[in-house]
């Protein structure tokens, strides 16, 4: 008999404990991963959720029963699994894949997994996740092999921190006071490591730590800084300590969110432009990959600095694939996912803010000054979600309404339409009956607001 496992999503595995995901299913995922990918050596890590240890142990048991040797890096963030998978070697042997047990920013009674293969290449949908799902659902595995795999507990902290610091000149950082909010998630230990590394080279960066200790009960709310109600403590600490910036992370810290010295939350869209500029200073003429939701600011910065902007469909698997194809140095999404060629094209929640504080020092500008000019040049609505019974029909209606006046129409991801002074992207959610709208203009806040209202009225009809 075949089960239907609802915890498998488009890009990863996520489900409520214990009805959608439990130790039995986790074991089967370990066995299915091993059967499909045939690895010999696999990295496993886990976040701080209350169920993560037992889920990771079950995955490891499944891998071991298939003869796979597991290298357990313990409590970590997703990017530490990525790093270990592409960088760690045992007796000269590279790793064949990695599994991170995490549900990131989901409610505390959820858990999940993110899977990668060799060189931290993503395993999602059409690149193996559907096959692993089928094998786990069928659950027709042979008896454990005669020689089970081993478990080796390893530490990657020193090499990982050395890699992170390779993106900046730490010794040249200017004096800064930075609020860091780990949200009781997994990011705290990396901040501590970086603090020690900064002190060793005399980098004058002071960290004000809030909600720093990992706690799977999430006493300060689910670590999801995209929710406005989760930003208050970061803002209050910035103002109380007169800090230069604030940083908050989600539960597995593959995304970071920045606040300026006034406590203002900075939309991820404008951070993409800042990071593109940082990389183009060191990599003249490089390619920068970006998503279609908001584009004009990124294109303007990249083109102005002699780089080549490349449009990709939204989503980590698409961005990573396009970056590899183009040999792009950096890729950014407005959702605060930032990808780096030297990080095996994977996303990191640590590299972005390191580059930003270096940029602040080099330019002598406050974070607000770095983004204000761009926000005035290309005001944006931010992503607006609307629940609609028939999203495809709604998008078609919007297309018909505007197409006579549009200068450019693009279907890379949903519907993008450009006009002389404004543009929008409207796309369906992959998982819900939602449409997601983003609108921007060329230096005209009132026009952007008016067109956003016009589009929302069209969608409401």
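The values are calculated or read from the model by the stated rules, or taken from the named source; none is laboratory data. All figures in this text were calculated on a predicted structure; none of them were measured in a lab. Neighbour counts run over all protein chains shown; Cβ positions are idealised from the backbone, glycine included.
Do we have residue 182 as outside the structural domain of residue 236 (by TED's automatic domain parsing) and either over 30 Å from residue 366 (Cα atoms) or within 23 Å of the chain's Cα centre (by Cα) (or both) here? Spelling it out, it is not the case that residue 182 is outside the structural domain of residue 236 (by TED's automatic domain parsing) and either over 30 Å from residue 366 (Cα atoms) or within 23 Å of the chain's Cα centre (by Cα) (or both).
Considering only residues in region 306-326 that are buried (at least 17 other Cβ atoms within 10 Å of the Cβ) and closer than 14 Å to residue 279 by Cβ, the one that is nearest to the chain's Cα centre (by Cα) turns out to be 323.
For region 279-287, indicate whether the set of residues that are assigned to a strand (DSSP E or B), crowded, with 19+ Cβ neighbours inside 10 Å and outside the structural domain of residue 102 (by TED's automatic domain parsing) is non-empty. Show your work before the answer.
Filtering region 279-287 down to residues assigned to a strand (DSSP E or B) leaves 287.
Next, from what is left, pick out any that are crowded, with 19+ Cβ neighbours inside 10 Å: 287.
Subset that is outside the structural domain of residue 102 (by TED's automatic domain parsing): 287.
Yes; the residues of region 279-287 include at least one that is assigned to a strand (DSSP E or B), crowded, with 19+ Cβ neighbours inside 10 Å and outside the structural domain of residue 102 (by TED's automatic domain parsing).
For (1) in contact (Cβ under 8 Å) with a residue 12 or more places away in the chain; (2) more than 25 Å from the chain's Cα centre (by Cα); (3) in a strand (DSSP E or B), each residue gets a yes or a no:
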| position | (1), (2), (3) |
| --- | --- |
| 409 | no, yes, yes |
| 412 | yes, no, no |
| 417 | yes, yes, yes |
| 424 | yes, no, yes |
| 427 | yes, no, yes |
| 443 | yes, yes, no |
| 448 | yes, yes, no |
| 453 | no, yes, no |
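Among the candidates 67, 125, 92, the residue that is at pLDDT below 95 and either surrounded by fewer than 19 Cβ atoms within 10 Å (Cβ to Cβ) or not assigned by TED's automatic domain parsing to the domain that holds residue 30 (or both) is uniquely 125.
Can you find a residue that is closer than 30 Å to residue 352 by Cβ, at pLDDT 95 or above and surrounded by fewer than 24 Cβ atoms within 10 Å (Cβ to Cβ) anywhere in region 17-36? The answer is no; no qualifying residue exists.
Of the strands (runs of 3 or more DSSP E) that lie entirely inside region 3-104, those containing 1 or more residues that are more than 19 Å from residue 216 (Cα to Cα) and over 22 Å from the mean Cα position of the chain (by Cα) span 41-46, 69-75.
To keep it simple, each residue is scored yes or no on (1) touching a strand residue (DSSP E or B) at 6+ places or on another chain (Cβ under 6 Å); (2) within 23 Å of residue 310 (Cα to Cα); (3) at pLDDT 95 or above.
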site	(1), (2), (3)
382	no, yes, no
388	yes, no, no
392	no, no, no
401	no, no, yes
419	no, yes, yes
432	no, no, no
440	yes, yes, yes
449	no, no, yes
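Kindly check whether there is at least one residue in region 290-302 that is in a strand (DSSP E or B), crowded, with 21+ Cβ neighbours inside 10 Å, in contact with a helix residue (DSSP H, G or I) (Cβ under 8 Å, 6 or more places away or on another chain) and not assigned by TED's automatic domain parsing to the domain that holds residue 426. For region 290-302, residues in a strand (DSSP E or B), crowded, with 21+ Cβ neighbours inside 10 Å, in contact with a helix residue (DSSP H, G or I) (Cβ under 8 Å, 6 or more places away or on another chain) and not assigned by TED's automatic domain parsing to the domain that holds residue 426: present. Exactly one residue out of 359, 367 is modelled with pLDDT under 95, within 30 Å of residue 205 (Cβ to Cβ) and not assigned by TED's automatic domain parsing to the domain that holds residue 278: that is 359. The sole residue among 435, 398, 439 that is within 23 Å of the chain's Cα centre (by Cα) and either within 30 Å of residue 245 (Cα to Cα) or assigned to a helix (DSSP H, G or I) (or both) is 439.
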